[in-house]
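Okay, structure first, notes after.
The values are calculated or read from the model by the stated rules, or taken from the named source; none is laboratory data. Everything numeric here is computed off the predicted structure, so don't read it as measured data. Positions of Cβ are generated from backbone atoms using ideal geometry, with glycine treated the same way; all protein chains shown enter the neighbour counts. When the accessible area is computed, the model is the full protein with side chains, heavy atoms only, and any ligands, DNA or RNA have been set aside. Shrake-Rupley method; radii C 1.70, N 1.55, O 1.52, S 1.80 Å.
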Amino acid sequence: MTSRKKERMSMLDKLATAGSATPGAAASMITTNRALRSARDAVDGHHVWELDPSQIDDNRPVDRLETNDIEDLRLAIETNGQTVPILVRRQPSQPDRYLLVYGRRRLEAIRRSDKVSKIRALIATLDESAAVRAQVSENMARRDLTYIEKALFARELVRSGFGNQSEVAEVLTMSKSAISMALGIVDTVGEDLIRAIGPAPGAGRPRWEALGKCIEATGSDRTELQEIASGTVEKTAAATDNVTEGGGASLRALETVETILAQKAAHKQKATPDEQSRTMTAASRPLVFDGTKIGSLRKNAKGLTIALSESDFSKWLEAEAHEVLNELYVRWKSKRVD
């Protein structure tokens, strides 16, 4: 291999290490990560092209909840130039257009610039599946996605038809059961509220799961909570120079929503039994299969209720309910004996 070709191939390695808090770990990741290695090997001639940003479409599922520091990045590129190229692939139906694989922040920064008119890019031959895998792998080489970013990304991948829960689990390095729980949390908390809160680094599954259950238990208005979260982020932005460092604004928004929900829960506990029976919304869990919410499981003082949306499955279950429930009863009885 010629020294020039080695230099071109190393450019994709730099995509993984640029901006990483642990460059050594990111560099080793590209040598062991199949998705990134495949993307590097698919680059056409390992040549860096200068493209018009308007030729590039960004149809990828959103995997990050914040696009901070775009203005700082724009100024840096205008001052020092674009040192790391982005990665694109050809638009199958339009030869003169390209689809972004990764480098969204760099693309947005140059689109906002009045001084830089071209963006440096590597062009790879990748299909949709390989492009998504490369996108996830490159981002995780830079900074791990937070729990809720992975959950929201999983919902978008399933919705877009990328694959079933097992395939999405493989891409996000999660188990299938973890994906199923993550999709349920997204449905319970609500996508708009999640986006208003942001990535909330350090907040894992238990905290988001508790948030969703509290929303359901208190019957809270998600739109109201969304406005509160957005307002908290804006106030934090006005009070500090670097609102996104360490996810501070996002965590503050999450804490604010949690506090309000805790107050509502405490108020309901103080209510009289009659008031509770009139106003309490029973805690429920969404029923999600193959990435689609088909209904909910609701528990209250009167018992357990399964509510299913109208579908072929619900019609079948209606006809087979007695037999299915009898099988479950037998299984439950046998476990009690054991």
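Among the residues of segment 139-152, are any over 13 Å from the mean Cα position of the chain (by Cα), at pLDDT below 80, under 30 Å from V84 (Cα atoms) and open to solvent by 20 Å² or more (accessible area, probe 1.4 Å)? Yes: one or more hits.
Given the structure, is T173 at pLDDT below 90, open to solvent by 60 Å² or more (accessible area, probe 1.4 Å) and in contact with a strand residue (DSSP E or B) (Cβ under 8 Å, 6 or more places away or on another chain)? For T173, the condition - at pLDDT below 90, open to solvent by 60 Å² or more (accessible area, probe 1.4 Å) and in contact with a strand residue (DSSP E or B) (Cβ under 8 Å, 6 or more places away or on another chain) - is not met. Kindly indicate whether E255 is modelled with pLDDT of 90 or more, closer than 27 Å to A178 by Cβ and surrounded by fewer than 17 Cβ atoms within 10 Å (Cβ to Cβ). Judged against the criteria, E255 is a match.
Contact map, segment 251-262: first residue closer than 9 Å to I228 by Cα, second residue modelled with pLDDT of 90 or more and not β-branched (V, I, T), Cβ cut-off under 6 Å, separation 6 or more or different chains; pairs are A253/A229; V257/L225; V257/A229. Screening the candidates A178, A203, A210 for the property of being within 23 Å of R252 (Cβ to Cβ), in a helix (DSSP H, G or I) and modelled with pLDDT of 90 or more yields one hit, A210.
For segment 99-118, does any single residue satisfy the condition of being assigned to a strand (DSSP E or B), open to solvent by 20 Å² or more (accessible area, probe 1.4 Å), of a type in the set (K, R) and in contact (Cβ under 8 Å) with a residue 24 or more places away in the chain? No, segment 99-118 contains no residue that is assigned to a strand (DSSP E or B), open to solvent by 20 Å² or more (accessible area, probe 1.4 Å), of a type in the set (K, R) and in contact (Cβ under 8 Å) with a residue 24 or more places away in the chain.
Within segment 258-279, the set of residues being part of a helix (DSSP H, G or I) and at pLDDT below 80 comprises K268, Q269, K270, P273, D274, E275, Q276, S277, R278, T279. Scanning segment 74-89 for residues that are open to solvent by 30 Å² or more (accessible area, probe 1.4 Å) and either modelled with pLDDT under 85 or closer than 17 Å to L145 by Cβ (or both) yields a single hit, T83.
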